[in-house]
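Worksheet: one structure, shown below.
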Amino acid sequence: MFSVGGELPFARLIGLEARPRARTPEGRRLMPRHRTLLLLIGLIALAVLGCGDSGDDNGTNNPPPTPSITANNQTISPADHVVVAKVVSDGPGWAVIHEQGAKSLGAAIGHAAAPDGTTQNLSVELDRNAEDGETLFAVLHIDAGAEGTYEFPGADVPETDKDGDTVAASFRVTVSQGLNPAITVQDQTLSGLSTVVTVPSAVSAGAGWVVIHEDNAGSPGPVIGYTAVPSGTSTEIIVALDRPAADAETLHAMLHVDAGVVGTYEFPGSDVPAFDQDEVMVVKPFTVDVPAGTPAIRLRVTGIGFTAYDFTAVEPSRYASTVGAENENQPLTLRSGWRYEIVNSAPTIHPFEIIHVGANPASDIVLFSQGASGSLEADVSVAWFDDGDQTLRFTVSAALQSNADGYRCLAHPTTMRGDVGFE
Ligand SMILES: [Cu+2]
């Protein structure tokens with residue numbers, strides 16, 4: 001990767017003033033004083049406990065991401081598309097490709113929308129064919145005017161880092177007559193979530209899919225997950241699975257073509273396995289280690305004042321239906337036998353509890369509590385875990401399913417509460 005933000009003062013190179021980012025209130029996920037309060041709580045917790053939880057998936061509700069852009073040297077075909085490996089945008093943004101100028105960044109020759117948060121392997125169409133051996137620059141812009149309309153010169157100025165330099169990366173392209181489909185794999189330990197695996201790289205000739213298959217006696221068996229990849233080289237491809245991976249399980253990463261409706265996975269159907277230029281199917285096996293106690297699904301929850309909980313993210317996002325569509329105090333639907341992690345951004349103000357709902361809050365039976373003790377915490381079948389800070393984990397065992405039907409806040413049990421169901 002070639003992140004040059006620290007080497008070249010792009011803001012000065014391209015004659016742009018670093019100016020504070022104008023954000024609409026809708027663009028903010030948390031109001032400033034909440035953010036400050038959360039930061040203070042986080043710092044205190046870090047100081048006291050000497051530990052912190054690092055969200056390793058997209059869709060976190062905690063501090064805004066540090067904007068960055070990463071582009072790798074790459075072989076391209078056709079010559080008018082490049083892949084930006086990773087974009088982290090604080091609010092909606094753009095990945096803009098510039099050519100190299102005589103003494104500075106040259107003209108922009110293509111752009112693609114980069115949504116709020118992290119985007120992996122973003123394909124950008126160019127206005128012209130890139131030349132073999134050409135150096136290009138990927139520059140992160142904000143999307144500050146009409147969202148989804150690229151306005152530069154105008155409101156959609158380049159994003160800047162804390163030093164005021166433009167967030168940019170340089171990369172070199174090799175233009176090929178045709179890409180040779182390929183995939184790499186790596187044995188891995190799933191320490192964050194048991195439902196997420198990473199494929200280090202794949203080369204797809206045209207739009208494709210990185211597909212994870214179960215093992216079937218040493219060969220690829222049924223499909224348990226897939227992620228779209230653009231034409232060209234993609235890196236660090238994150239694939240969410242249909243089910244938790246088992247410890248020491250063998251999986252197969254296979255490249256498929258995206259031949260039917262682009263962006264819709266059609267297999268069995270038109271999206272058949274890809275073959276390389278030697279007519280060999282592009283598939284490699286790897287093994288996963290899943291440490292005991294690894295959760296399958298992570299839920300992020302925060303408080304809306306003292307009036308409600310708000311579940312702001314489900315990781316992996318393919319399990320978004322775990323949380324109901326309501327705006328607050330959403331019902332939760334948990335999967336029998338699966339292990340969950342709940343990250344509560346306000347554990348001291350709003351300690352989270354799972355309960356058996358009583359006729360009134362005073363008669364609720366507390367099963368798990370982030371601030372007191374619950375009657376199911378010692379049950380080995382639920383393997384209750386509380387890090388003393390933001391993070392809770394439990395397994396949906398038969399004992400939990402037969403007792404739990406709600407959640408609440410220890411401090412605000414009349415207003416901050418919702419239903420828990422199972423499937
Ligand atoms: Cu509360």
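Listed values, structure above:
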quantity	calculated
For the stretch 86-97, 3J(HN,Hα) per residue [Karplus equation, 6.51 cos²θ - 1.76 cosθ + 1.60, θ = phi - 60°, Hz, x = Gly/Pro]	7, 10, 10, 10, 8, x, x, x, 9, 9, 10, 9
Rounded to the nearest 20 debye, dipole of the chain from Cβ charges on Lys, Arg, Asp, Glu	980 debye
From phi via Karplus (6.51, -1.76, 1.60), per-residue ³J(HN,Hα) for the stretch 275-283 in Hz, x at Gly/Pro	10, 7, 5, 9, 6, 9, 4, 8, 8
Whole-Hz ³J(HN,Hα) from phi, Karplus 6.51 cos²θ - 1.76 cosθ + 1.60, for the stretch 248-257, glycine and proline x	6, 6, 8, 10, 10, 9, 10, 8, 10, 7
Rel. contact order, % - alpha carbon contacts under 8 angstrom, at least six apart, the stretch 184-264	37 percent
The stretch 274-315: C-alpha gyration tensor shape, a/c 1.5 cut-off, then a/b vs b/c	oblate
Relative contact order of the stretch 164-203, defined on C-alpha pairs under 8 angstrom at six or more residues apart (%)	41 percent
Helix 32-49 axis, angle to the chain major axis (alpha carbon atoms, nearest 10°)	70 degrees
Viscosity 1.002 mPa s, 20 °C: Kirkwood-radius Stokes-Einstein D of the chain over Cα pairs, µm²/s	91 µm²/s
Cβ-placed point charges (K, R +1; D, E -1), dipole of the stretch 276-423 about Cα centre in debye, nearest 20	260 debye
The chain - mean residue ellipticity at 222 nm from DSSP helices (-39,500 (n - 2.57) per run, n ≥ 4, rounded to 500)	-2000 deg cm²/dmol
Euclidean distance of C-alpha centroids, the stretch 113-174 and the stretch 284-361, integer Å	34 Å
Extreme residue, positive dipole direction of the chain, given options Ser68, Phe267, Ser191 (C-beta unit charges)	Ser68
Computed E for Val262/Ile304 - FRET, C-beta separation, R0 41 angstrom, nearest 0.05	0.60
Prolate/oblate/rounded call for the stretch 227-340, Cα gyration tensor, a/c under 1.5 rounded	prolate
Top of Asn329, Asn121, Asn360 by mean-square fluctuation, Gaussian network on the chain, Cα under 10 Å	Asn360
Global form of the stretch 363-414, assessed from the alpha-carbon gyration tensor, a/c cut-off 1.5	oblate
Amide H within-cut-off set for Ala259, under 5 Å, with H built and near neighbours excluded	Asp271, Val272
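Rule-based calculations on the coordinates, nothing more; no lab input. These numbers come from a predicted model, not from an experiment. Glycine also receives a Cβ, built like all others from the backbone with ideal geometry; neighbour counts cover every protein chain displayed.
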